[in-house]
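A quick write-up on the structure given underneath.
The values are calculated or read from the model by the stated rules, or taken from the named source; none is laboratory data. Worth saying up front: this structure is predicted, and the values here are computed from it rather than measured. All Cβ positions, even for glycine, are placed from backbone atoms using ideal geometry, and neighbour counts span all protein chains on display.
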Amino acid sequence: MAVEVVMPKLGMAMKEGTVSVWNKTVGDTVGKGEPIASVSSEKIEIDVESPAEGTVLQIAVPEGEGVPPGTVICYIGSPGENIASNTKLQETEGENVASSSSVQLEQTEPKKLARTARDRIKISPVARKMAEAGGLDIESMQGTGPGGRITKEDVQEALKQARSTQVNKVTKPEQISVEKVEESQQIPVTGIRKVIAERMYESLQKSAQLTINMKVDVSKLIALQKQTMETVQSQYDNKLTVTDFIARAVVLSLKQHEQMNSAYIENKIHLYKQVHLGMAVALERGLVVPVIRNADQSTLIDLSKSIKALAKKAREGQLSQDEMQGSTFTISNLGAYGVDHFTPVLNPPEAGILGVGAVYDTPVFVGETIEKRSILPLSLTFDHRVLDGAPAAAFLQTVKKLLENPITMLF
Amino acid sequence: MTRIMIIGGGPAGYVAAITAAQQGNEVTLIDQGPLGGTCLNEGCMPTKSLLESAEVFSQVKHAGEFGIRLPVGKIEVDWQSIQQRKNQIVSTLVQGIHYLMRKNKVKVINGKATFLTSQVVRVESEGIQQEVSADKIIVATGSEPVALPFAPFDGKWILHSGHAMLIQEAPESMVIIGGGVIGCEFASVYSRLGTKVTIIEMSCQLLPGEDEEVAAILHKQLEDDGVTVHTSTAVKELQKENKKVIFENEKGSKELYADLVLVSIGRKPRVQNLGLEHIGLDFANKGIFVNECMETNISNIYACGDVIGGIQLAHVAFHEGTVAALQACGEEAKVNYRAVPRCIYTSPEIASVGLTEKQAREQYGDIRVGVFPFAANGKALISGKQLGKVKILIEPEFGEIIGVSIVGVHATELIGQAAVMLHAEMTTDLLENFIAPHPTLSEAVHEAVLNAIGHAVHV
């Protein structure tokens, strides 16, 4: 019997997974445990290993197509073997032919089948007619009636939404005539890329975000980092980075400015008691944001260890869905790429995100003398719906003060 | 386990109690009188019992038409027995609710509840007070009859529907003020039991808000039964000492002697003396404010049934009680008023669901209308009740059935299938090849649909 390979469930909340790449084609032999495909969900991409040794008999889900977890994506078995579900299908088809052997027109059969398939969708008669007239795809609709039945109200709502998106489309200046480039590579937007695209677009469309910048003198911090390096290494088998100190400073500041540790959801501002800190990590495939839960309960050393552990997991694609959701504030660090100030985009529905630039040395007046000091550029993007410029600046001031007096953060 | 308290044991309250108990919660029901509320004790059930007696009397009087000869002058109404039968039925039904409470382990406390805090109420019964607390509270205190501003109820001459149910003998004459559902039902009872009834209605038709055509049929039948109907007429004064009703319309001012006066001008939500203002619950004279989930402005308090105003019908209260209880249990539910049948137990009966013709034309413009008269229905002919018709309103673009009104014998039973049509959002094409049972009155509903799409067979 052929073995079914199904779309794995990569997290509690996963609704759909996409096969991003097939490593095998029909007819290829595979060994047990051999990666046969890469699948991606909202935030994760993993390899699917073959559950058995054999030949790929059929690929049921093409690259780029999203299916719910549990859906069969391919069959593995011995060459020439019948696939169970296929056999069934052929049988029913056979029966149909037998029963209609008299003078049936060939065309009527498939038509009838198509209609039975359609009838399985729970929808009220008037809702069906309205959806058909409005050109709605009822298969993709979610009903709110008993047992998920699609009601007239659901269709009216969907039609209303379809109309408003159409209006948006018209008002968008999309008629920028792009000259046809001779050859362009077209990449389907799926998996992680699709999620980033949707979330970032949504963030900019649906919030009132703006960015303020501040320079922080981190000379003392760098000195302290050097000073403590050996102790930290020998006592905790760890290394404190500037990023760790920034994370610590942000967490402590969020406790003082709880307005910043919040989210704007459905006309309500949600203030969070705990700090779950998102740390953006750049990967080849795209950006992921692992979350350090209850970061306000951690010491500087613990925080530093968590950041490193999650970043490592992220690079190895080992993060679970739960480790990538529920952040209340995010830090995005582009310092490694030589960027100084920039405008980070809010990670919705959060009210704030701190952008960290590259530390540089520059002459600074300290009193009447000029000294060489290390400067860290910080950029804070915040949601003006939640708080105004002054409290946002006050938060950034607190971060700055902590980083400029780093000794206060050690305890 | 959540502790849920329900104040009021009428249709909204007792259904909420059962629903909450079935969800596995500790439920307490506080009620002042016999369980069942207005519906069971002085509304739906007792009136229907009286109507049934009136109907049997009327049937018997017409027995000759069916070939049954009765001894002349030997038929009479035994008013005492009619009352006894009614009381017996009510008592059986109240017992039924007590049984349901026991079965579902609902604790019933007899007494009057007043809110002390949003989670504690004081219950008073015969001078004894106790405090009862709960996590969630559902208010279902119902409604009570509205009195004329210049003539309060006295229970002797000026009656409300509750009093009218307890009359020990049929009066010779009765004036009914208010020609709505309650007024028309009582007119139907008493006129057929021999009372000379006069209805005085402010608006230009009986049953204001119902289909004009339907109201006109009832108007005619009531007149045939000996009822005098004055529409567009206002009552000016009630003179107790000489039992005279003074009323006025375009034609001038008149006075009329009445043995009894029934005032049926509406019912108002019971929101007073509950301590609602102490706990800051949002309410007005027209009822407690709730959203479609039956939630009030206080997060652990819900309200349902007549006390929220809106549609004052027992079956709407059942529905709202279920929604309120599910919400209190942490389930998601919201009310759906799409297909609420309206039943009027006059003779002939009137029942409708969805839009009236006037509303439908306002909303959809050019609608299609299908009508089928009971005069063309075999079963109606057999039962000797050919008065009335079925009217079906159809939205023109998709053929959705948006309103049905039926006037005629057993209309209140027939409306059930129309309610299913509206609830399921059915369209006419589905009913074209529908097989209606024969011979039945319900064929008329199917024929009315066919009539609307131009395919009626039997007219």
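Among the residues here, B:Arg102 qualifies as over 25 Å from B:His278 (Cβ atoms), among the basic types (Lys, Arg) and out of contact with any Ser or Thr (no Cβ under 7 Å at 6 or more places or on another chain). Residue count for the range B:117-139 satisfying the condition of being among the β-branched types (Val, Ile, Thr) and over 19 Å from B:Gly13 (Cα atoms): 2.
Per-residue answers, yes or no, for (1) among the aromatic types (Phe, Trp, Tyr); (2) more than 21 Å from the chain's Cα centre (by Cα); (3) closer than 20 Å to B:Val121 by Cβ:
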| position | (1), (2), (3) |
| --- | --- |
| B:Glu42 | no, no, no |
| B:Phe57 | yes, yes, no |
| B:Ile75 | no, yes, no |
| B:Ile89 | no, no, no |
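Being modelled with pLDDT under 90 and touching a helix residue (DSSP H, G or I) at 6+ places or on another chain (Cβ under 9 Å) holds for only one residue in A:Met260, A:Met324, A:Met279, and it is A:Met324.
Can you find a residue that is closer than 30 Å to B:Val335 by Cβ, basic (Lys, Arg) and without any contact (Cβ under 8 Å) to a residue 24 or more places away in the chain anywhere in the range B:272-295? Yes; the residues of the range B:272-295 include at least one that is closer than 30 Å to B:Val335 by Cβ, basic (Lys, Arg) and without any contact (Cβ under 8 Å) to a residue 24 or more places away in the chain. Within the range B:398-419, the set of residues being away from every other protein chain (no Cβ under 14 Å) and in a strand (DSSP E or B) comprises B:Val404, B:Ser405, B:Ile406, B:Val407, B:Gly408.
Got at least one residue in the range B:379-389 being away from chain A (no Cβ under 14 Å) and part of a strand (DSSP E or B)? Yes, the range B:379-389 contains at least one residue that is away from chain A (no Cβ under 14 Å) and part of a strand (DSSP E or B). In this entry, B:Gln359 passes the filter for residues that are at pLDDT below 95, under 23 Å from B:Gln417 (Cα atoms), in a helix (DSSP H, G or I) and more than 14 Å from chain A (Cβ to nearest Cβ). When A:Asp340, A:Asp361, A:Asp322 are checked against the criterion of being surrounded by fewer than 22 Cβ atoms within 10 Å (Cβ to Cβ) and assigned to a helix (DSSP H, G or I), A:Asp322 stands alone in meeting it. Per this entry, B:Val307 is not counted among residues that are part of a loop (DSSP other than H, G, I, E, B), at pLDDT 95 or above and in contact with a strand residue (DSSP E or B) (Cβ under 8 Å, 6 or more places away or on another chain).
Residue by residue, here is whether (1) β-branched (Val, Ile, Thr); (2) part of a strand (DSSP E or B); (3) modelled with pLDDT of 85 or more; (4) under 26 Å from A:Lys9 (Cβ atoms) holds:
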| residue | (1), (2), (3), (4) |
| --- | --- |
| A:Glu42 | no, no, no, yes |
| A:Leu57 | no, yes, yes, yes |
| A:Tyr75 | no, yes, yes, yes |
| A:Lys88 | no, no, no, yes |
| A:Leu105 | no, no, no, no |
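The set of residues from the range B:357-400 being within 19 Å of B:Glu413 (Cα to Cα), touching a residue at least 24 places away in the same chain (Cβ under 8 Å) and of a type outside the set (A, V, I, L, M, F, W, C) comprises B:Pro373, B:Asn377, B:Gly378, B:Lys379, B:Ser383, B:Gly384, B:Lys385, B:Gly388, B:Lys389, B:Lys391. In the condition set (1) in contact with a helix residue (DSSP H, G or I) (Cβ under 9 Å, 6 or more places away or on another chain); (2) of a type outside the set (A, V, I, L, M, F, W, C); (3) under 18 Å from A:Ala247 (Cα atoms), A:Gly355 is compliant with all but (1). Looking only at residues of the range A:125-148 that are touching a Lys or Arg at 6+ places or on another chain (Cβ under 6 Å) and facing chain B (nearest Cβ under 9 Å), we find that the one that is nearest to B:Thr427 (Cα to Cα) is A:Val126. A count restricted to the range B:181-198 and to residues that are touching a Leu at 6+ places or on another chain (Cβ under 7 Å) and of a type in the set (A, V, I, L, M) stands at 3. When the range B:227-244 is filtered for residues that are part of a loop (DSSP other than H, G, I, E, B) and either among the basic types (Lys, Arg) or surrounded by 15 or more Cβ atoms within 10 Å (Cβ to Cβ) (or both), the ones remaining, listed by number, are B:Val227, B:Thr231, B:Thr233, B:Lys240, B:Lys243. Checking B:Leu393, B:Leu441 one by one, the residue that is part of a loop (DSSP other than H, G, I, E, B) and closer than 16 Å to B:Ala351 by Cβ is B:Leu441 and no other.
For the range B:370-401, taking the residues that are within 21 Å of B:His219 (Cβ to Cβ) and among the aliphatic types (A, V, I, L, M), the one that is surrounded by the fewest Cβ atoms within 10 Å (Cβ to Cβ) is identified as B:Ala375.
With respect to the stated conditions, B:Ile394 is within 14 Å of chain A (Cβ to nearest Cβ) and under 17 Å from B:His446 (Cα atoms).
When residues in the range B:364-393 are screened for being within 20 Å of B:Glu212 (Cβ to Cβ) and under 26 Å from the mean Cα position of the chain (by Cα), 11 of them pass. The range B:122-219 holds strands (runs of 3 or more DSSP E) entirely within its bounds, and those carrying 3 or more residues that are more than 25 Å from B:Gly36 (Cα to Cα) and touching a residue at least 24 places away in the same chain (Cβ under 8 Å) map to B:173-177, B:196-200. Restrict the check to the range B:422-430 and report whether at least one residue is among the hydroxyl-bearing types (Ser, Thr, Tyr), surrounded by 15 or more Cβ atoms within 10 Å (Cβ to Cβ) and more than 14 Å from chain A (Cβ to nearest Cβ). No, because not a single residue in the range B:422-430 is among the hydroxyl-bearing types (Ser, Thr, Tyr), surrounded by 15 or more Cβ atoms within 10 Å (Cβ to Cβ) and more than 14 Å from chain A (Cβ to nearest Cβ). For the range B:243-265, the tally of residues that are touching a Phe, Trp or Tyr at 6+ places or on another chain (Cβ under 8 Å), of a type in the set (S, T, N, Q) and free of Cβ contacts under 8 Å to residues at least 24 places away in the same chain stands at 1. For the range B:319-340, a residue qualifies if it is surrounded by fewer than 20 Cβ atoms within 10 Å (Cβ to Cβ) and within 15 Å of the chain's Cα centre (by Cα), and exactly one does: B:Val340.
Pairs meeting the criteria (first residue in the range A:331-345 and of a type in the set (Asp, Glu), second residue outside any loop (DSSP other than H, G, I, E, B), beta carbons under 7 Å, at least 6 apart or on different chains) are A:Asp340/A:Pro377.
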